[in-house]
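First the structure, in the form of structure tokens, and then the observations on it.
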Amino acid sequence: MAAVAVLAAGCGGGGIESPATPRDGKTVFTEYCGACHTLSAAGADGGAGPNLDDLKPERETVAAQVRDGGGGMPAFSNKLSAAEIDAVADFVASTTR
């Protein structure tokens, strides 16, 4: 969904490198996404990007947006492992259904 792309380019972990062991989706969301996005399951109320509780994005949409960025949202493929991207996509999609 295009609305997922509406993010401030400065959000998301400040360039912190991903650790060798993947973290769970909630932890990844809290560290990298919560400053910009609202998602009640993560206790996040960021206002720069779309409210994910309202948007209810599909898992594939979240994974692609996190991986590739776009529309103001930075790509996180250089900060998060594929497993972490999958974990955050699973977390967001499962908590907004």
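Overview of results
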| read-out | value |
| --- | --- |
| Number of the condition not met by SER94 [criteria: (1) modelled with pLDDT of 90 or more; (2) assigned to a loop (DSSP other than H, G, I, E, B)] | (2) |
| Test result for GLY34, under 16 Å from GLU84 (Cβ atoms), touching a strand residue (DSSP E or B) at 6+ places or on another chain (Cβ under 6 Å) and at pLDDT 65 or above | yes |
| Residue match in the stretch 13-27 (condition: modelled with pLDDT of 95 or more, crowded, with 19+ Cβ neighbours inside 10 Å and either at negative phi or not in a loop (DSSP other than H, G, I, E, B) (or both)) | yes |
| Residues of the stretch 71-93 classified as of a type outside the set (Gly, Ala, Ser) and touching a Pro at 6+ places or on another chain (Cβ under 7 Å), total | 2 |
| Members of the stretch 28-65 found to be free of Cβ contacts under 8 Å to residues at least 24 places away in the same chain, in a helix (DSSP H, G or I) and among the hydrophobic types (A, V, I, L, M, F, W, C), listed by number | ALA64 |
| Residue ID - surrounded by the fewest Cβ atoms within 10 Å (Cβ to Cβ), chosen from residues in the stretch 56-72 that are farther than 15 Å from ASP90 by Cα and modelled with pLDDT of 95 or more | ASP68 |
| Inter-residue pairs, beta-carbon under 6 Å, first within 10 Å of PHE29 (Cβ to Cβ) and surrounded by fewer than 17 Cβ atoms within 10 Å (Cβ to Cβ) and in the stretch 79-96, second at pLDDT below 95 and not aliphatic (A, V, I, L, M), 6+ apart | none |
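The values are calculated or read from the model by the stated rules, or taken from the named source; none is laboratory data. Note that this is a predicted model, so its numbers are computed, not measured. Please note: Cβ atoms are built from the backbone with ideal geometry, for glycine as well, and neighbour counts cover all protein chains shown.
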